Amino acid sequence: MPIALIDGNNFYVSCERVFNPKLEGRPVVVLSNNDGMAVARSAEVKELGVKMGTPWFKMRDLARKHGIVALSSNYALYADMSNRMMAVLSQYSPDQEVYSIDECFLGLEGFGNFDLVAYGQAMRRQVRQWVGIPVCVGIAETKTLAKLANHCAKKALAGTNSVCDFGRLSEPERSRLFSTIEVGEIWGVGRKLSEQLTHRDIATVEALRKADAKTIRREFSVVLERTIAELNDISCMELEEAAPNKQQIISSRSFGNYVYDIESLSQAVASYIAIAAEKLRSQASLAGLVQVYIRTNPHKADSPQYQPSLTVPLSQASDDTLLLTRAALWGLKRIYRPGFAYQKAGVALLNFSDAATPQMDLFSKARDNTRLMEVMDRINGIWGRGTLHSAAEGVQQGWRMKREKVSPGYTTHWDQLPLVT
DNA sequence: CTATAACTCTCAA
DNA sequence: CTAACGTTGAGAGTTATAG
């Protein structure tokens, strides 16, 4: 069965351009949380040689020289645009896996007699017209190959024009094309693996495709063995249409400025617990463990480093924000040491069980806050996260992250819509 | 010793 | 003027621990 992988071109930048057409044709980057580093670059910025993950302060001079526009990330906007894009694409197949904010797989079972390249072009046109986002389409027999075909479509390899169907390539054509692509481009082959494979003279997609799967399994892993199968048109990865419940929920953030006192850390930890616990309740799970960690800036090698973490077991699994907060703050108090410049804190909820069948604690004296949590979730659902929160989260919140260049909430706030005057 | 828990490493977007 | 470098999740493999 053919599989299509549709991926937005520098998605965050494209979202910003939909609402601010002046950005069209100009070099634009979108920065990570805290305005830290580049997480999306327009073609013009890539042209200037700016790599993914470049810290903003390191490209400042280049930005001034070439008039690069830098924007803080506006996830509310991107999530909204993503939903619209996915809705349009879902019309092209009954089988859709939303793989990430900017890409999805479509199962094309029974489409064998179609002109798939024309079908891909139709998707592109409609997403562009209805949502405003440019996308590329890769089509092949397996997910791994569809990802690779998408890469070829983006780079305009093998004479493709934003849509690439490997089904059209003869075996010699494939062989020739794959010989020109580095192994590192393959889905699942990251920095480490590329390096090791290249050392063993497996430097291209073609070389890995032809490598002996059993040997690779022995010397590397099952995962890479599966990748080889997928490169040879043998599908090992199902289309996962319904996202399974999470097995862990993490919430962490870097601070806008260094934090030294336990009061600020406590407020931050309480806030992160509130975010994580809300997600936990939305999937009807209970957490049995709460992990807290704090961290100094690892990039600042000359200042004292400290990155402790602690996992706190609960006597009874829970989804109660207040109870989880107490556990996390108890842990924080144990790992906190004064005199360090903390840059980041985080929490994780672990060891999940089903909220429908809780394992009760015979001696528990914890009060039941189920109704309170329901009310809190409803209020925050209507009026926005943080409308109703625990006192532990604090009020001043001087530790909050920086977002100095955010675009307006074009799709979520009436009062932020730019008016034509 | 075995089974499992806990932790570490790698990868992805 | 200086300092300024993301977040979330999964899975495999390894090590520690309990019974």
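Each residue of the range A:229-235 was assigned a 3J(HN,Hα) from its phi angle through the Karplus curve 6.51 cos²θ - 1.76 cosθ + 1.60 (θ = phi - 60°); the sequence is 4, 4, 5, 9, 6, 9, 6 Hz, with glycine and proline shown as x. Helix A:370-383 and the longest principal axis of the C-alpha atoms of chain A enclose an angle of approximately 60°.
Using the Cβ of A:E206 as centre and a radius below 10 Å, the other residues enclosed give a net charge of +4, where K and R count +1 and D and E count -1.
Helix A:321-335 and the longest principal axis of the C-alpha atoms of chain A enclose an angle of approximately 90°. Just so you know, the Cα atoms of chain A work out to an Rg and Dmax of 24.3, 71 Å.
What the pair-distance distribution of the range A:223-311 shows, using all Cα-Cα distances binned every 10 Å from zero, is 12, 30, 22, 22, 13, 2 percent. Remark on the range A:1-148: hydrodynamic radius 16.3 angstrom, per the Kirkwood mean of 1/r across alpha carbon pairs.
The sum of -39500 (n - 2.57) across all DSSP H runs of n ≥ 4, divided by the residue count of chain A, sets its helix-only mean residue ellipticity at 222 nm to -11500 deg cm²/dmol. Under conditions of 10 °C and 1.306 mPa s, the range A:7-66 yields 137 µm² s⁻¹ as its translational diffusion coefficient, taking Rh as the Kirkwood radius over Cα pairs in the Stokes-Einstein equation. Using the alpha carbons alone, the radius of gyration of the range A:331-395 stands to its Kirkwood radius in an Rg to Rh ratio of 1.04. One Cα centroid belongs to the range A:160-181, the other to the range A:350-407; the line between them spans 50 Å.
Seen against the Cα atoms of chain A and their longest principal axis, helix A:262-282 is set at about 60 degrees.
Each residue of the range A:103-117 was assigned a 3J(HN,Hα) from its phi angle through the Karplus expression (A = 6.51, B = -1.76, C = 1.60, θ = phi - 60°), giving 8, 8, 9, 10, x, 10, 5, x, 9, x, 8, 6, 7, 5, 5 Hz with x at Gly and Pro. Sorting A:336-348, A:267-279, A:112-124 by average packing, meaning the other beta carbons within 10 Å per residue, from highest down gives A:267-279, A:336-348, A:112-124.
Throughout, read-outs are computed from the coordinates displayed, never taken from laboratory work. Computed from a predicted model, the values in this text were never measured in an experiment. A quick note on method: Cβ atoms are made from the backbone with ideal geometry, for glycine too, and the neighbour counts reach across all protein chains shown.
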